[in-house]
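The values are calculated or read from the model by the stated rules, or taken from the named source; none is laboratory data. No experiment lies behind these values; they were computed from the predicted model shown. Don't worry about glycine lacking a Cβ; one is built from the backbone with ideal geometry, like all the others, and counts go over all protein chains shown. Note: accessible area is taken over every heavy atom of the protein model, side chains too, but ligands, DNA and RNA are not part of it. Shrake-Rupley method; radii C 1.70, N 1.55, O 1.52, S 1.80 Å.
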Amino acid sequence: MGEDIFARVYALVAQVPYGRVVTYGQIARAIGLERGARVVGWAMRRCPANLPWHRVVNAQGGISLHDAPETVPLQRALLESEGIRFDRSGRLDLARYRWEGI
DNA sequence: GGGCTGACTGACG
DNA sequence: ACGTCAGCCAGCC
């Protein structure tokens, strides 16, 4: 049952297109948890490797801290390889890259 | 059942 | 613009 939430999170993440991003809160709202952004973060800790996990960012357009330190630069590198640009403070422009398809 | 923990967020100072 | 704070809620003791 509780795994339904995880499954729904992963199903949404799987749909995010190349070169676009979504936020934790955005996913939470899409699965009916208006303020469940942290739960989405919890689910993303165990995100299956075959999903585009790097396309999930925080509400400020920044990359949130992960378990492994290397994961943050890796996520940024993956996004940059898809044409996404970061500003000096390490944030991307959500108005430009956010995917609204969920 | 009760308390703690986050890959969060919006509000404040 | 940056650091803090208090809510948030499923999962895990």
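A few remarks follow.
- Angle in degrees between helix A:71-80 and the longest Cα principal axis of chain A, rounded to the nearest 10: 70 degrees
- Exposed-loop-free span, longest in chain A, where trypsin sites (Lys or Arg not before Pro) count as exposed if DSSP calls them loop and at most 15 other C-beta atoms lie within 10 Å: A:47-84
- Of the chymotrypsin sites (Phe, Trp or Tyr not before Pro) found in chain A, the ones in coil according to DSSP and having at most 10 other Cβ atoms within 10 Å of their Cβ are A:Tyr18.
- What a 1.4 Å probe finds exposed on chain A is 52% carbon and sulfur by accessible area, rounded to a whole percent.
- Potential extension, A:Trp42-A:Arg29 segment - 0.36 nm per residue separation minus Cα distance: 3.2 nm
- On Cα atoms only, tilt of A:2-13 relative to the major axis of chain A in degrees: 30 degrees
- Of the GluC sites (Glu not before Pro) found in the range A:20-102, the ones in coil according to DSSP and having at most 12 other Cβ atoms within 10 Å of their Cβ are A:Glu34, A:Glu70, A:Glu100.
- Considering all C-alpha pairs of chain A, those separated by over 17 Å amount to 47%.
- 222 nm mean residue ellipticity, helices alone, for chain A (DSSP H n ≥ 4; -39,500 (n - 2.57); rounded to 500): -11500 deg cm²/dmol
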